[in-house]
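Read the structure below first, then the notes.
The values are calculated or read from the model by the stated rules, or taken from the named source; none is laboratory data. Being a predicted model, the structure only gives us computed values, none of them experimental. Cβ coordinates were reconstructed from backbone atoms using ideal geometry, including for glycine residues, and neighbour counts include every protein chain displayed. Ligands, DNA and RNA are stripped out before the accessible areas are found, and what is left, the full protein with its side chains, is counted by its heavy atoms. Shrake-Rupley method; radii C 1.70, N 1.55, O 1.52, S 1.80 Å.
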Amino acid sequence: MSGFLCSADKDGVWRGKASLTNVGAAANTYTVRFSVIRTGSQDVLGMKEESFTVAPGDSTDVAFASIYTSNASGLECVARVTAVPAAQSGSPAESPEGSPAESPDGS
């Protein structure tokens with residue numbers, strides 16, 4: 001995932017976007033989740049999630065509107081990507097950033 005941008009607008013509506021690229025040799029199904037969290041406690045206040053199947057070498061844009069609404073300070077937006085081979089079910093693959101991916105249910 002690249003180009004991750006996520007912030008609140010002047011009305012406090014959190015929106016986010018990024019680009020997802022499959023750098024692998026086979027199609028993968030990626031689950032992308034953007035969450036607005038309270039910085040100190042890591043409490044999730046709002047979340048949007050969607051899955052995308054991306055062919056090898058292809059990219060797709062990811063955009064979430066209205067993830068959460070608040071003008072409060074001490075909030076941040078974080079992204080999480082998990083990947084599973086599109087033709088198989090089972091263990092998640094590594095995320096495009098090279099960090100270990102989590103299972104789609106977040107465990």
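For the range 50-59, indicate whether the set of residues that are out of contact with any strand residue (DSSP E or B) (no Cβ under 7 Å at 6 or more places or on another chain) and charged (D, E, K, R) is non-empty.
There is at least one residue in the range 50-59 that is out of contact with any strand residue (DSSP E or B) (no Cβ under 7 Å at 6 or more places or on another chain) and charged (D, E, K, R).
State which residue is nearest to G3 (Cα to Cα) when the search covers only the range 19-29 and only residues that are open to solvent by 10 Å² or more (accessible area, probe 1.4 Å) and under 14 Å from the mean Cα position of the chain (by Cα).
S19
Name the one entry in P56, P100 that is modelled with pLDDT under 95 and either assigned to a loop (DSSP other than H, G, I, E, B) or in contact with a Cys (Cβ under 7 Å, 6 or more places away or on another chain) (or both).
From the options P56, P100, the qualifying one is P100.
For the range 1-27, enumerate the residues that are touching a residue at least 12 places away in the same chain (Cβ under 8 Å) and part of a loop (DSSP other than H, G, I, E, B).
Result: M1, D11, G12, N22, V23, G24, A25, A26, A27.
Any residue in the range 52-63 that's on the phi > 0 side of the Ramachandran plot: show its pairings with residues that are of a type outside the set (S, T, Y) and open to solvent by less than 60 Å² (accessible area, probe 1.4 Å) at Cβ separation under 7 Å, as long as the two are six or more apart or on different chains.
Listed by first residue and then by second, the contacts come to G57/N22.
Looking only at the range 40-53, filter to residues that are of a type in the set (S, T, N, Q) and assigned to a loop (DSSP other than H, G, I, E, B); which one of those is nearest to V23 (Cα to Cα)?
Here the residue is Q42.
Does the range 59-76 contain any residue that is open to solvent by 70 Å² or more (accessible area, probe 1.4 Å), among the β-branched types (V, I, T), in a strand (DSSP E or B) and in contact with a Lys or Arg (Cβ under 9 Å, 6 or more places away or on another chain)?
Scanning the range 59-76 turns up no residue that is open to solvent by 70 Å² or more (accessible area, probe 1.4 Å), among the β-branched types (V, I, T), in a strand (DSSP E or B) and in contact with a Lys or Arg (Cβ under 9 Å, 6 or more places away or on another chain).
How about the range 30-55: which of its residues are among the hydrophobic types (A, V, I, L, M, F, W, C), under 12 Å from A65 (Cα atoms) and open to solvent by 40 Å² or more (accessible area, probe 1.4 Å)?
Of everything in the range 30-55, just one residue is among the hydrophobic types (A, V, I, L, M, F, W, C), under 12 Å from A65 (Cα atoms) and open to solvent by 40 Å² or more (accessible area, probe 1.4 Å), namely M47.
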